[in-house]
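Asks: Attaching a single structure in structure tokens format; questions to follow.
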Amino acid sequence: MPTILLQTDTTVGFLSQDANKLFEIKSREQTKLFLKIYTSLEDFKNDFHRVPSSQKKLFRDAKKTTFIIKNQAYRIVNFPLNSQIIRNFKWQYSTSANKSGQSFERKFCEEKSDIIIENREGLSEEKSSIILKINNKKIGRLR
């Protein structure tokens with residue numbers, strides 16, 4: 001599985017369906033799971049995931065928001081670039097494009113990527129998504 005470097009709707013990120021490859025790139029502890037992103041709500045549902053009934057509207061309408069449901073993080077992402085490569089995958093693991101705990105360094109990221117998707121504006125580290133932990137009864141904001 002390739003590792004893709006691109007500008008997400010929030011910041012520069014690595015995408016891959018191979019979590020082990022992302023753990024290696026980031027030098028990250030394997031106990032800290034990656035965010036799983038989907039390009040559509042339908043793909044999310046078709047992957048046998050459920051959102052608590054009381055939180056469905058929030059999940060459906062959210063922009064630039066990560067949801068933690070049963071200790072796994074999910075996002076529905078609208079990528080700025082409409083790339084066929086991204087559309088070919090129903091889901092991917094996602095993480096910020098940097099070594100764990102460090103800032104974005106273009107040279108490092110290019111060396112670690114199999115595919116780089118970039119538009120005229122380039123790649124830039126921007127504000128991360130909001131993170132909400134949800135269940136049937138409450139919502140907790142983590143970031």
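The values are calculated or read from the model by the stated rules, or taken from the named source; none is laboratory data. Bear in mind the structure is a predicted one, so any value in this text is a computation, not a measurement. Here Cβ is always computed from backbone atoms with ideal geometry, including for glycine, and neighbour counts include all displayed protein chains.
Asks: When the residues of region 33-55 are filtered to those that are of a type outside the set (Asp, Glu) and exposed (fewer than 12 other Cβ atoms within 10 Å of the Cβ), which remaining residue is nearest to Ser16 (Cα to Cα)?
Replies: Our first condition is that a residue be of a type outside the set (Asp, Glu); within region 33-55, this holds for 33-41, 44-46, 48-55.
Remaining after also requiring exposed (fewer than 12 other Cβ atoms within 10 Å of the Cβ): 48, 50, 53.
Working: Phe48: 20, Arg50: 23, Ser53: 30 Å.
Ranking the qualifying residues of region 33-55, first place goes to Phe48.
Asks: With the requirement that a residue be among the hydroxyl-bearing types (Ser, Thr, Tyr) and under 15 Å from Thr10 (Cα atoms), what does region 104-126 give you? Working first, answer last.
Replies: First, pick out the residues of region 104-126 that are among the hydroxyl-bearing types (Ser, Thr, Tyr): 113, 124.
Within region 104-126, Ser124 is the sole residue that qualifies.
Asks: Please go through region 71-88 and pick out each residue that is outside any helix (DSSP H, G or I) and either among the charged types (D, E, K, R) or at pLDDT below 70 (or both). Lay out the reasoning, then the answer.
Replies: Residues of region 71-88 outside any helix (DSSP H, G or I): 71-83, 88.
Answer for region 71-88, where residues must be outside any helix (DSSP H, G or I) and either among the charged types (D, E, K, R) or at pLDDT below 70 (or both): Arg75, Phe79, Pro80, Leu81, Asn82, Ser83.
Asks: When you go through Ile37, Ile25 one by one, which is the residue that is under 18 Å from Ile85 (Cα atoms) and of a type in the set (Val, Ile, Thr)? Walk me through how you get there before you give the answer.
Replies: Details: Ile25 fails: under 18 Å from Ile85 (Cα atoms).
Unique residue meeting the criteria: Ile37.
The rows are residues; the columns are (1) part of a helix (DSSP H, G or I); (2) under 19 Å from Asn135 (Cα atoms); (3) of a type in the set (Val, Ile, Thr); (4) without any contact (Cβ under 8 Å) to a residue 24 or more places away in the chain.
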{"site": "Thr10", "(1), (2), (3), (4)": "no, no, yes, no"}
{"site": "Leu15", "(1), (2), (3), (4)": "no, no, no, no"}
{"site": "Phe67", "(1), (2), (3), (4)": "no, yes, no, no"}
{"site": "Ser103", "(1), (2), (3), (4)": "no, no, no, yes"}
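Asks: So, one more: Is it true that some residue in region 115-138 is among the basic types (Lys, Arg), loosely packed, with under 14 Cβ neighbours inside 10 Å, under 22 Å from Asp43 (Cβ atoms) and touching a residue at least 12 places away in the same chain (Cβ under 8 Å)? Outline the logic, then answer.
Replies: Looking only at region 115-138, we keep the residues that are among the basic types (Lys, Arg), and these are 120, 127, 133, 137-138.
Still in the list and also loosely packed, with under 14 Cβ neighbours inside 10 Å: 120, 127, 137-138.
Cutting the leftovers down to under 22 Å from Asp43 (Cβ atoms) gives us none.
No.
Asks: Considering only region 98-111, how many residues are at pLDDT 90 or above and crowded, with 18+ Cβ neighbours inside 10 Å?
Replies: Selection size over region 98-111: 1.
Asks: What about Arg50, is it among the basic types (Lys, Arg), at pLDDT 85 or above, more than 17 Å from Ile116 (Cβ to Cβ) and in a loop (DSSP other than H, G, I, E, B)?
Replies: Values: among the basic types (Lys, Arg): yes; at pLDDT 85 or above: no; more than 17 Å from Ile116 (Cβ to Cβ): yes; in a loop (DSSP other than H, G, I, E, B): yes.
The answer is no for Arg50.
Asks: Being assigned to a helix (DSSP H, G or I) and either free of Cβ contacts under 8 Å to residues at least 60 places away in the same chain or closer than 27 Å to Arg50 by Cβ (or both) is the filter here; which residues of region 17-37 pass it?
Replies: So in region 17-37, the residues assigned to a helix (DSSP H, G or I) come out as 19-26.
Hits for region 17-37 are Ala19, Asn20, Lys21, Leu22, Phe23, Glu24.
Asks: Counting only residues that are touching a Pro at 6+ places or on another chain (Cβ under 8 Å) and in a loop (DSSP other than H, G, I, E, B), which one in region 127-136 is farthest from Thr11 (Cα to Cα)?
Replies: Of the residues in region 127-136, the ones touching a Pro at 6+ places or on another chain (Cβ under 8 Å) are 134-136.
Add one more test, that the residue is in a loop (DSSP other than H, G, I, E, B), and what stays is 135-136.
Numbers: Asn135: 27, Asn136: 30 Å.
Selected residue: Asn136.
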